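Quick notes on the structure that follows.
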Amino acid sequence: MNVLLLIMDSVQAKNTSLHNHSNDTTPFLSELSDSATTYKQARAPSFFSLPSHASMFSGLHAVEHGATSKTDSLSHETIFEWLANKGYSTGLFSSNVYLSKDEFGLNKGFSHIFGRNDFLVAKSSTKYPHQNALNPLKYRSGSNGDRNIKYILKSLGSEQPLQSILNGVASKLDGTVFPYGLSEPEPNGSQVLTNDFLKWHGNQTQNWAAVINFMDTHFPYLPKAEHNLWGNDDLLQYQEKITNPRVDFLTGEQPWWIAKALESVYDGTIHQVDQAISRIYSELSRRGDAEDTLIIVTSDHGEGFGERSRVIPGFRIVGHAAGLHELLTHVPLLVQFPGQSDSVTINDVATIRKIYDLIKQVVDESYTQDILCPEHVLSFAELTDRTEQLSAENAAGELELTDLPRKMYAVYENTDNGVNKYIKSGDSEYLIQIRNTHEAMLFDTQTNNGLVESVYDDLDYNASDTSTAISQDTAKHLEDLGYL
Ligand SMILES: [Zn+2]
């Protein structure tokens, strides 16, 4: 029995055909759901790659494994170490820094690791040639003229004034470079990883377990023309003006309508990954391996396009930078158990954290499909330093981000016609009632029924030090991903 975990990075449930999206972004997954189990209310344990993958791989809540800020590391045993100890051949296919780099503890247990480590390598190293001086991209709030003056004043007050100003000049001259300064954006990473995987698979002579994390769906969105079915070239050109979605939109440098419009290009990237998954599935079937494989398709978190927070006045969700909005936590989840031929829909709230237990149970040949649906589903978010920095930069701007709570705790519970989400943020606790990906409402702003506190109090965790020493190279990658 083999294990295949397919992660479409940054794909919110709402934008898939599995959840009746108006654009048919995942025709293959819809077809696959005829002989698979669809979890309609699946949630991610957190809002960005590291904590969510750490939960999937370790089976632990985010607060338990503690890899919740961008420079943390997972120290617990992963399901792939467990599989490797059982004699499985293990492969990781990913260009996501958090998965491919050693520092974060997610690539433990894989005997083969494929993927471009340089995928999001900054051309921004040429964008600001003096790496030890100020990075002009970090001083982007305000109007163009104000910004220049502010940057020059900052430069003059810095330790390397001349080099900092030269960096500013270089970034101006280099205004046409791609978002994040990608040197060679990979317009179809899923195709490359699919080729790598199929080649590796062809050489397997024993039980195997593989993870593929597709980054096509992560910003910047670069669907190939045949998948860009709902966007157009104009939108791709708008996208080129964006250096960092969070900074550009939240500081008002770019208008919000562009954020919303980019959603149609994002849909094209989902279609592109859906087709890659289709290719993998038909090839596994042709090779006679699909029936004997546990196939899991999901995402690590969602993505926002400027939608308003229900609990933080004035805050809007863009990219996946902070908080626990449904756009970030509600993810698609489809499982085809070995030999499954019937279609099953599960409406109970589920969590991708339990993928760890699911794999163990299926390998041990004793499983139930509701293993993914514990009594309480938890999501946790810790504010990243980058967002705090943004607040400081934007102190004079229209948004008061300085009030963002440092930590947010959510607990999901089933109700008769959907899911209740209790969310604790600072001293406030809110109740949001959710029917499906398209219908949710803030029901109560002062719930305080103590549920969140009691559920988290029951967990056995302590705030051990999980921070990892990341190399300069990795820090650069993270900055390019928009995390630092
Ligand atoms: Zn991710």
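Overview of results
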quantity	calculated
For ARG43, net neighbour charge (Lys/Arg +1, Asp/Glu -1) across residues whose Cβ lies under 12 Å away	0
Distant-in-sequence amide H partners of PHE315 (H built 1.01 Å from N, under 5 Å)	SER309
Cβ-Cβ FRET estimate between ARG308 and ARG287, R0 fixed at 51 Å, reported to 0.05	0.60
Extension reserve of the SER111-ASP416 stretch, reckoned as 0.36 nm per residue once the Cα distance is removed	105.3 nm
Residues TYR356, TYR367 arranged by fewest to most Cβ contacts within 10 Å	TYR367, TYR356
Neighbour-count ranking [beta-carbon atoms within 10 angstrom, fewest first] of MET441, MET56, MET408, MET1	MET441, MET1, MET408, MET56
Summed side-chain charge close to ILE371 - residues other than ILE371 whose Cβ falls under 13 Å, Lys, Arg +1, Asp, Glu -1	-2
FRET efficiency, ASP370 to LYS241 (Cβ-Cβ, R0 56 Å, nearest 0.05)	0.75
Cut-off under 5 Å, modelled amide H: who pairs with ASP444 long-range	LEU431
Residue among SER190, HIS227, GLY252 farthest towards the positive dipole end of the stretch 187-261, charges placed on Cβ	SER190
Rough spin-label spacing in nm, given labels placed 7 Å along Cα→Cβ, for ARG279 and LEU162	5.2 nm
Packing-based exposure ordering (other Cβ within 10 Å, fewest first) of LYS421, LYS241, LYS14	LYS241, LYS14, LYS421
Label-point gap, in nm, between GLN472 and ASN448 - each point 7 angstrom along Cα→Cβ	5.2 nm
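FYI, it's all coordinate maths here, none of it is from the lab. Being a predicted model, the structure only gives us computed values, none of them experimental. Methodologically, a virtual Cβ is constructed for each residue, glycine included, from the backbone with ideal geometry; neighbour enumeration extends over all protein chains shown.
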